[in-house]
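What follows is a short report on a single structure.
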Amino acid sequence: MKLWGGRFETGPSEIFERFSESLSFDKRLADCDCRGSQAFARALMRVGILTDTECAQLVEAFETIRYQAQHPDFYLNATDEDIHTLIIRKLKDHVGPLADKIHTGRSRNEQVSLDIRLWLREEIDQVHAHLKALLDALLTIAKAYPHAIIPGYTHTRRAQAVLWPHYILAYFEMFSRDAERLSDARRRTDVMPLGSGALAGSGFPFDRDAIAADLGFAAITRNSMDVSGDRDFALDFLYAASMIMLHLSRFCEDWILYASEEFGWIELGDEVTSGSSLMPQKKNPDSLELIRGKCGRVYGAMNALFLTMKGLPMTYNRDMQEDKEPLFDAARQVGLSLQMAEALIRSAKLNEAKPEAAAEESWVIATDLAEELARSGTPFHQGHQIVGRLMLESVRLGKKPSDWTSETLQAFAPEFKPEAARLLHPREGMKSREIPGGTGPQAVAKALDEAQTRLAALRP
Ligand code: ARG
């Protein structure tokens, strides 16, 4: 069935039908399409196009179709152009010629916008829930080892010691920003487009606010031309999804390293790792690698839609049908990746002794010593030089920080006061970093409490 046959003498060619159909993927919008049409039927009744009885009949038929559309049989042998066409054909089977009234003053351009908005709004809420669960898992593993220390890195070189919860809270911040981005995308998705017509506004005086209220939208769109040509809200979501994947991929990269034999900090649960078909000893971090891998796929989706939309003349162009597959795929992959990340964090154990030893053995305390010199009156640049020479000497003699004492430090440079020797242990240096946002133990304890409160208040 076509919704536009009148003007044509012959039907579309087989290749054009096969090439242009979207039913194979936009069938995912069936439920939203029916709900949108039910609200639209009520709007048609309010403007006198449908009687109360006709409206009730249509609403009921759409309810049956909604149910039927959940089963694969519904799509058996369907050659309709898209889900909107298929549903109207099915509607005819239920209510006969009355079905011909449902599209009064409505265009598929606004219908598809409505359907995607309804679908995406729910999808965003689900992704948001997965994100919230991930944030909770992060807080749990941060609090499980409140006093553990690790060397923090720059350039993949040991830099300064930090508390384990401080490191985990860094990811908490990244994913919290992602939650804000999702809410922002949701706000722009949560706007009701019906009444826009094909591009010029509908020729029927619909109460658009009433339709919005009926479908639970927060607002109505302000410009009919904008509606037809707009997929910004989908791009907003794809950007938010890409940022989530970016953060997940960086987290996974860290943990692939930290769970390796070379680091030995983290033990992942058997339930999130896999073995090798050849090498019996292997316990591979496939779940982490796959999340990292799916990141590229989600970026691909975002890029695909950006490129599809680039340079499109106002308003709707059929190019825009290409929005759906990347959008659907990205939403699915980001949802799965978040659930996987949550599970693997919940499965993980930190072997506290390993990172602590790495911090103790290395010179992550160098900055603490230089800053101590500055506190006791040596200009920082000179203190930096002194500690630099101390490094050189230690490297030459193969000395660890713990091989130095108060006496040998003072003998090396009289600028070192006796108290400076406490800083040869990384835990001591941290105590000087009680600045808000720093890794001082009290600052971190406070940050953990605040994170817990923020998490409890988090809403899409
Ligand atoms: N399948 C189309 C899409 O996804 C529906 C809108 C069709 N509108 C049109 N003017 N051909 O974009």
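The values are calculated or read from the model by the stated rules, or taken from the named source; none is laboratory data. Since the model is a prediction, treat every value here as computed from it, not as a measurement. A quick note on method: Cβ atoms are made from the backbone with ideal geometry, for glycine too, and the neighbour counts reach across all protein chains shown. What goes into the accessible areas is simple: the full protein's heavy atoms, side chains included, and nothing from ligands, DNA or RNA. Shrake-Rupley method; radii C 1.70, N 1.55, O 1.52, S 1.80 Å.
Taking trypsin sites (Lys or Arg not before Pro) as exposed when their DSSP state is a loop state and no more than 10 other Cβ atoms lie within 10 Å, the longest site-free interval of the chain runs over 1-221.
Cβ-Cβ distance of TYR75 and LYS354, R₀ of 41 Å, FRET efficiency by 1/(1 + (r/R0)^6): the value works out to about 0.15.
Take the Cα of GLN382, step 7 Å toward its Cβ, do the same at PHE8, and the gap between the two points is 8.7 nm. Toward the positive end of the charge dipole of the chain, with +1 on the Cβ of Lys and Arg and -1 on the Cβ of Asp and Glu, the farthest Cα among ILE102, LEU336, CYS55 is that of LEU336.
The residues of the chain expose, per residue, 48 Å² of accessible area to a 1.4 Å probe. Relative to the longest principal axis of the Cα atoms of the chain, the long axis of helix 232-258 makes an angle of roughly 30 degrees.
If R0 equals 41 Å, the separation of the Cβ atoms of PHE19 and ALA219 corresponds to a calculated FRET efficiency of about 0.65. Can you give the extra length, in nm with one decimal, that the chain gains between GLU361 and ARG332 once fully stretched, where that is 0.36 nm per residue apart less the Cα-Cα distance? Length gained, GLU361 through ARG332: 6.0 nm.
Using a probe radius of 1.4 angstrom, the carbon and sulfur fraction of the accessible surface of the chain is 54%. Of interest is the spacing of the C-alpha centroids, which for region 179-203 and region 147-163 amounts to 46 Å.
Distances between placed amide hydrogens fall under 5 Å for SER202 paired with SER196, GLY197, all partners being 5 or more residues away or on another chain. Set the Förster radius R0 to 45 Å, insert the Cβ-Cβ distance between LYS310 and THR405 as r into 1/(1 + (r/R0)^6), and round the FRET efficiency to 0.05. Plugging the Cβ-Cβ distance into 1/(1 + (r/R0)^6) gives 0.10. The heavy atoms of VAL95 offer some 20 square angstrom of accessible surface to a 1.4 angstrom probe. Applying the Karplus relation 6.51 cos²θ - 1.76 cosθ + 1.60 with θ = phi - 60° to region 184-199 yields 3J(HN,Hα) values of 5, 4, 5, 4, 7, 7, 7, 10, 8, x, 4, x, 7, x, 5, 6 Hz, where x marks Gly and Pro.
Largest first, the residues ASP449, ASP254 sort by 1.4 Å accessible area into ASP449, ASP254. Taking all protein chains together and a 1.4 Å probe, the residues PHE16, PHE62 rank PHE16, PHE62 from largest to smallest accessible area. Label SER277 and THR156 with points 7 Å out from Cα along Cα→Cβ: what is the distance between them in nm? In this crude label model, SER277 to THR156 measures out at 2.9 nm.
Counting only alpha carbon atoms, the long axis of helix 52-68 and the longest principal axis of the chain meet at about 50°.
Helix 108-144 and the longest principal axis of the C-alpha atoms of the chain enclose an angle of approximately 20°. Taken along its three principal axes, the alpha carbon spread of the chain comes to 99, 53, 38 Å, from the longest extent down to the shortest.
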